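Just so it is clear, none of the values below were taken in a lab; they were calculated from the coordinates. Quantities reported herein were computed from a predicted structural model and do not represent experimental measurements. Cβ placement follows ideal geometry from the backbone for every residue including glycine, while neighbour counts extend to all protein chains displayed.
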There are 2 protein chains.
Amino acid sequence: MNPDFSLKEYLNNRKTLIDRAFDDYFPGDKDEPPEIFQAVRYSLLAGGKRIRPILCLAAAEAVGGNVEAVMPAACALEMIHTYSLIHDDLPAMDNDDYRRGKPTSHKVFGEAMAILAGDALLTEAFRLLTDRKRMPDIPAEKILDVSLEIAEAAGCRGMVGGQVQDIRAEGVKVDLDTLHAIHRRKTGALLRVSLRAGAILAGAEDVALADLSDYGDKIGLAFQIADDILNVEGDPAILGKGTGSDAARGKMTFPSLLGIEASRARAEELVLEAHTSLASFDNRATPLRAIARYILERRF
Amino acid sequence: MNPDFSLKEYLNNRKTLIDRAFDDYFPGDKDEPPEIFQAVRYSLLAGGKRIRPILCLAAAEAVGGNVEAVMPAACALEMIHTYSLIHDDLPAMDNDDYRRGKPTSHKVFGEAMAILAGDALLTEAFRLLTDRKRMPDIPAEKILDVSLEIAEAAGCRGMVGGQVQDIRAEGVKVDLDTLHAIHRRKTGALLRVSLRAGAILAGAEDVALADLSDYGDKIGLAFQIADDILNVEGDPAILGKGTGSDAARGKMTFPSLLGIEASRARAEELVLEAHTSLASFDNRATPLRAIARYILERRF
C-alpha cells in the first residue's frame, strides 16, 4: 500500500482530465446544428462519476501505460454509458424525470432530441475510438480490437441485450443465476471492457489482461449490488433520485433476493476477490485497489 | 456500355448476397435474448432496397476489388440506415405506422423495444465494421479509416445532425441552400461514405476515390430529389406508404421549393454529372452508371 495515496485526490484529478477532454471533443455550441451539441453536452457534463473512463485510465496505468494516450477510448466508454442512461430514462423505458438530481434529457430537450442525443453519443463514441490520429502511438490492430470489444460489450450480447432481459424480468420472480446473467450484460460487460480497453491499448501482456478482466468482473458485480442496496437505503438528497424505485417497479434486485445483509456480505467478498486478482501487480495498481474498496463505502 | 448488362439481374443478385450475409450475422432467434434479435431481424429483412450496401459493393468492384471482401462494411451501412429508420418512425419523431408497406418496429414490438432495436443495430454495425477477422486481407489502418468515416457520416455532423436540422425546419420556409445542407447531412453523407467505404477497403487510388466520392454526392442529391417527387406523385400501393406526407407535415422539399418540373430537370442534370464523374473508369463501373440512370426511372 501507498500510505500517501489519496483516492479522493486521484478521482478528482481524473475527473478533471476527463472533463477537459470532453470540452475538447465537444467545444460548446459553436458547431452546427447547436441543438444536438447542447443536448450531448448537457448529459455528458451532468455530473457523472466517470467510473468507466477512470477504470480505463487506471488499467492503462497499472500496466505501465500513459493516461493521456488512451483518453479517447476512456471518453468513448463514458459516452456509451451516457447514451444508455438517456435512452433508459425515456418515457417508453423507465420514464425517469431526474438523474443525478438534474432533469433528464427528454425533460429538458423533448423526447425526439433525447433519442437523437443518445444516438449521437453512441455514434460519436465510435468516431473517437476509431480515429487513429487521436491515438498515434498505438498500433491500428489494437485500436480495432478494442473498438470491437467495446461494440460487443454494448450490443445485443452485452448492454442492449441486458436491458432487454431486464425489461422482460420486471414484475417477474427471477432466480440468482438470471439476475447475475442480466447484470453481467447490462452493466458488467461495459465495466469489464473499460479495464480491458485501457490495458490492451497500453500494451498489456495476456496474463495482466486476464487479471484485469477478472478484477473488472468482480467489481462490476460488487458495484451493481452496492447500487441495489443504495436504491433501498440511500439518501435521496445525495443520490439525486428517489430511493425505492426498483421495488416500486417490481424489479428483482440482489437485496430483494438475498436480503440486505447477505447482499452486503457478497459485495464485500467480491471486493476481496477483486484485490486478489491484482496480486501480481505493483503499486501502479494502487488506484484500482482503492477503487475496489471505495465501492463498499460510497454513499453517492 | 455493356449491352448485355441487366441492372435488374445485378440488383437481385446483390440483394441475395446481402440478405445471405445478414442471415449469417443474425441467425434467427437462437441467440439470447431472442426479443432483440427478432426485432433486429424484422427491420433488417423488411424489404429494404439495399441501396447503400449495393453502392459499397459496386464501388469496390469499380476499382477492381472483391465484393465478398467488403461485405461486412456493406452490411454495416445498411444496419446504420435501418436503425435511423426505426428511430425516425418512433411516435416522438415522425410517428409513422407503416414503412415499406409493413408495420413499423414500434407498432410490432412496442416503443421500448424499437428504441433498443435501433440502438442494437447501430452498435452491431460497428461490431461488424471493426472485426478484422471478417476482413482478413484488408490492412487494419484502412478498416479503421473506413469505420471513422462512417461514424462521421452517421454522427452529429452527418445523419443525426441532419435529422435535427430537418426537425427544426418543419413548417418553416427554408431556402435552397439550407435544403441542400440538410440533405447533404441527413442522407447524402451516408450515401457518399457507402461508395468511399467500398473503394477504400478495395484499395482505391486517391483519384479514383475522389471520383467515386463525387459520384456519391451527385446521386445522393438526385436520389433525394427523386424521393421528394415520389412523395408528391408516387403510387402509394408501390411506395408502401401514403403520398403527400411531406406536404402534410409542412416539410420543405425540392418540389415545394422549385416545382416538380424544375426538380426533375435538376435530378436529370445530377445524374449526367454523376456519369461524368465516372469518365475515367472502365466497364467495371457499368453497375454504378446503370444505378445512376435508374434513379430517374424508379417508381418504388
Requested in this report: Classify the range A:177-300 as rounded, prolate or oblate, taking a ≥ b ≥ c as the square roots of the eigenvalues of its Cα gyration tensor: rounded when a/c is under 1.5, otherwise prolate if a/b is larger than b/c and oblate if not.
Outcome: prolate
Query raised in the report: In percent, how large is the relative contact order of the range A:58-206, given Cα pairs closer than 8 Å and 6 or more residues apart?
Result: 34
Report summary line: Shortest first and in nm, the label-point separations between A:Tyr10 and its counterparts in the other identical copies (7 Å out along Cα→Cβ) come to 6.1
Report summary line: Expected sort for B:Asp89, B:Asp4 with the fewest Cβ neighbours (10 Å cutoff) up front is B:Asp4, B:Asp89
Query raised in the report: Label-to-label distances across copies for A:Leu176, with labels 7 Å out along Cα→Cβ, in nm, shortest first?
Result: 7.2
Report summary line: Shielding of A:139-146 by other chains, given as the mean Cβ count within 10 Å, works out to 5
Query raised in the report: For the residue pair A:Asp137 and B:Ile260, what label-to-label distance in nm results when each label sits 7 Å from Cα along the Cα-to-beta-carbon direction?
Result: 6.4
**Report entry** Average partner coverage of A:128-134, which counts Cβ from other chains inside 10 Å
**Finding:** 5
Report task. Please give the average number of partner chain Cβ atoms lying within 10 Å of the Cβ of each residue in A:87-95, rounded to a whole number. Result -> 4
Query raised in the report: At what distance in angstrom do the alpha carbon centres of the range A:85-108 and the range B:59-82 lie from each other?
Result: 37
Report task. Among the lysines, select those whose C-alpha is under 20 Å from the C-alpha of B:Lys30, and discard any that sit fewer than 8 residues away in the same chain. Result -> A:Lys186
Query raised in the report: Which residue, B:Pro34, B:Pro255, B:Pro287, tops the fluctuation ranking in a GNM of chain B built on C-alpha contacts under 10 Å?
Result: B:Pro34
Requested in this report: Over the alpha-carbon set of the range A:15-135, work out the extent along each principal axis and list the three values in angstrom, largest first.
Outcome: 44, 28, 21
Report task. For chain B, return all DSSP H helices satisfying: extent of Cα atoms along own axis at least 20 Å; mean Kyte-Doolittle hydropathy at least -0.5. Result -> B:71-89, B:111-129, B:140-154, B:206-233, B:260-277
Query raised in the report: Over all Cα pairs of the protein assembly as shown, how is the pair count split among 10 Å bins, expressed in % and running from 0 up to the last occupied bin?
Result: 3, 17, 27, 26, 16, 8, 3, 0, 0
Query raised in the report: Using a basic spin-label model with each label point 7 Å from the Cα along Cα→Cβ, how many nm lie between A:Leu176 and A:Leu7?
Result: 2.5
Report task. Quick one: work out Rg over Rh on the C-alpha atoms of chain B, Rh as Kirkwood radius. Result -> 0.95
**Report entry** Inter-copy separations for A:Glu268, label at 7 Å along Cα-Cβ, nm, ascending
**Finding:** 8.3
Query - Residue order, fewest to most beta carbons within 10 Å, for A:Leu191, B:Leu278, B:Leu230, A:Leu272 - result: A:Leu272, B:Leu230, B:Leu278, A:Leu191
Query raised in the report: Among the trypsin sites (Lys or Arg not before Pro) within the range B:115-206, which fall in a DSSP loop and have no more than 10 other Cβ atoms within 10 Å of their own Cβ?
Result: B:Lys173
Report task. Can you pull a Stokes-Einstein diffusion coefficient for the range A:113-251 at 37 °C (0.692 mPa s), Rh from Kirkwood over Cα pairs, as a whole number of µm²/s? Result -> 194
Report summary line: Reduced to Cα centres, the span from the range B:133-163 to the range A:245-300 in Å works out to 37
Query raised in the report: So, with +1 on the Cβ of K and R and -1 on the Cβ of D and E, and no other charges, what is the size of the charge dipole of the protein assembly as shown about its Cα centre, to the nearest 20 debye?
Result: 400
